[in-house]
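Asks: One structure is given below, represented as structure tokens, and several questions about it will come after.
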Amino acid sequence: ESEVPSFIASNVSQYSCQRKTTLNNHNKKFTDAFEIMAENYEFKENEVFCLEFLRAASVLKFLPFPVTRMKDIQGLPCMGVQVRDLIEEIIEDGESSRARDVLNDERYKSFKQFTSVFGVGVKTSEKWYRMGLRTLEEVKALKTLKLSKMQKAGFLYYEDLVSCVSKAEADAVSLIVKKAVCTFRPDALVTITGGFRRGKKIGHDIDFLITSPGPREDAELLHKGLLLYCDIIESTFVKEQLPSRQVDAMDNFQKCFAILKLYQPRAENNSDNTSKNFDVAEVKDWKAIRVDLVITPFEQYAYALVGWTGSRQFGRDLRRYATHEKKMILDNHALYDRRKKVFLKAGSEEEIFAHLGLDYVEPWERNA
Ligand code: CTP
Ligand code: MN
Ligand code: MN
Ligand code: MN
């Protein structure tokens, strides 16, 4: 007599890499509240509680129906006490007082503002908060504050960068990046990864993976004139190094966290000819856009693609699954079988899932 007869809660895996999660979220009311709680714990550097809420959010994103009674979550994995309390509150009152308290919390509000600046993470926010700073206006007004090159760019292009990137902008940037890369390496393969590869219509940045067959690794990849800001991290990958076991493994690829200047002529503004000879020259005809460029050796491309396609939670669960269910170690470079003591080569994402004994999950089903 259940609403969705084919759905059996106890069959739901605790690993999001064994679930198919599209962008069709039937439980946004709950998952939004979980993500607020998780972010607050992230700001407090409480990884355990943060992950507890992120895992729960990921399970509810996968559910093919909206939760309306506590009975609906019976038997589901990742439903700890804190999570159940929040769900109960939302079912009864339509919202969570706990999530609302977080949204009104002074520390949370400050951290939320601070981390919205490119180059500012939890560590910097903590420092600023301890100095008594509470808003971005206060940070900007404090002229003695030392900012990194990245943070300066973050403040300079703040308005553009907080406004989201659209699919159309991603496609336009994609053409520019492909053209620029191909002047250096005509045989290069340029792929959009991140949220846009998972089918999202908006994002906070655009992620690109760049590879080309052949041995060379190229430093000079993009026209300097194209980039407003570029922080190049040199590759630190060591061959034969075991994959990293951290929850959020940072990889060692050469990468560039950049801000790209996307020219977008102001459409239709010219038809209003009263303004023609006045401030036309002052009108900003471009938008600053955050772009991540990752350069990968050809043999590691498939692993980098899985890692950079995300979602972040999907990647975490893939690595956790590899470690705990397969005695393997996975990161963005490689998969290592600890029993056989060998690296498992893969030329495609499908092969990686197969090595792990997992059914293939399409990119648009990885929105965990
Ligand atoms: N990633 C990674 N190593 C990093 C940074 C990011 O492997 N140093 C991965 C993340 O785990 C994520 C993917 O790259 O799965 C994309 O990261 P990000 O751009 O932060 O997130 P998106 O899913 O693209 O979402 P958004 O629209 O906010 O950009
Ligand atoms: Mn559905
Ligand atoms: Mn992204
Ligand atoms: Mn990114």
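Asks: Given +1 on the Cβ of Lys and Arg, -1 on the Cβ of Asp and Glu, and no further charges, what dipole in debye does the chain carry about its Cα centre, rounded to the nearest 20?
Replies: Rounded to the nearest 20 debye, it is 840 debye.
Asks: To continue, here is another question. Residues with beta-carbon under 14 Å from that of Arg290, excluding Arg290: net charge, scoring Lys, Arg +1 and Asp, Glu -1?
Replies: The answer is -4.
Asks: Could you tell me the convex hull volume per residue, in Å³, taken over the Cα atoms of segment 312-365?
Replies: Once divided by residue count, the hull of segment 312-365 is 77 Å³.
Asks: Just to be sure I follow: if Rg is taken over the C-alpha atoms of segment 76-133 and Rh is the Kirkwood radius over the same atoms, what is Rg/Rh?
Replies: Taking Rg over the Kirkwood Rh, I get 1.15.
Asks: Could I ask something else about it? Work out how much length Glu88 to Trp286 would gain on full extension: take 0.36 nm times their residue separation and subtract the Cα-Cα distance, in nm to one decimal.
Replies: The span from Glu88 to Trp286 would gain 66.6 nm if fully extended.
Asks: Residue separation times 0.36 nm, minus the C-alpha to C-alpha distance between Glu159 and Arg134: what's the value?
Replies: 7.1 nm
Asks: Let me ask something else about it. Put +1 on the Cβ of every Lys and Arg and -1 on every Asp and Glu Cβ in the chain; which of Val81, Ile210, Ile192 then has its Cα farthest towards the positive end of the dipole?
Replies: Ile210
Asks: Estimate the FRET efficiency between Ala141 and Tyr360 by the formula 1/(1 + (r/R0)^6), using the beta-carbon distance for r and 51 Å for R0, to the nearest 0.05.
Replies: Efficiency computed from Cβ-Cβ geometry: 0.45.
Asks: Can you work out the Karplus-derived ³J(HN,Hα) for every residue in segment 13-19? Use 6.51 cos²θ - 1.76 cosθ + 1.60 with θ = phi - 60°, whole Hz, and x for glycine or proline.
Replies: Whole-Hz 3J(HN,Hα) from phi for segment 13-19: 6, 6, 9, 5, 6, 10, 10.
Asks: Still on this structure: Can you name the helices of the chain, as whole DSSP H runs, whose Cα span along the helix axis is 15 Å or more and whose Kyte-Doolittle mean is not below 1.0?
Replies: In the chain, the long hydrophobic H runs are 47-62.
Asks: Moving on to the next point. If you average 1/r over every pair of different alpha-carbon atoms in segment 9-102 and take one over that average, what Kirkwood value in Å do you get?
Replies: It works out to 13.3 Å.
Asks: Another question about this same structure. What fraction, in whole percent, of alpha-carbon pairs in the chain exceed 35 Å separation?
Replies: Result for the distance tail: 33 percent.
Asks: Same structure, new question: Label 7 Å along Cα→Cβ of Gln264; segment 151-169 residues with amide nitrogen under 16 Å?
Replies: Those under the cut-off are 157-169.
Asks: Let me ask another. How long are the semi-axes of the equivalent ellipsoid of segment 107-156, defined as square roots of 5 times the Cα gyration tensor eigenvalues? Whole Å, largest first.
Replies: Semi-axes (√(5λ), whole Å): 15, 12, 10.
Asks: Continuing with this model, one more query. Starting from the Cα of Lys149, step 7 Å along the direction of its Cβ; do the same at Gln246; then give the gap between the two resulting points in nm.
Replies: Using points 7 Å along Cα→Cβ, the separation is 2.2 nm.
Asks: Please list, ordered by chain and number, the residues whose modelled amide H lies under 5 Å from the amide H of Ser212; skip anything fewer than 5 residues away on the same chain.
Replies: Leu189, Phe298
Readers should treat all values here as calculations from the given coordinates under stated rules, not as data from a laboratory. Everything numeric here is computed off the predicted structure, so don't read it as measured data. Don't worry about glycine lacking a Cβ; one is built from the backbone with ideal geometry, like all the others, and counts go over all protein chains shown.
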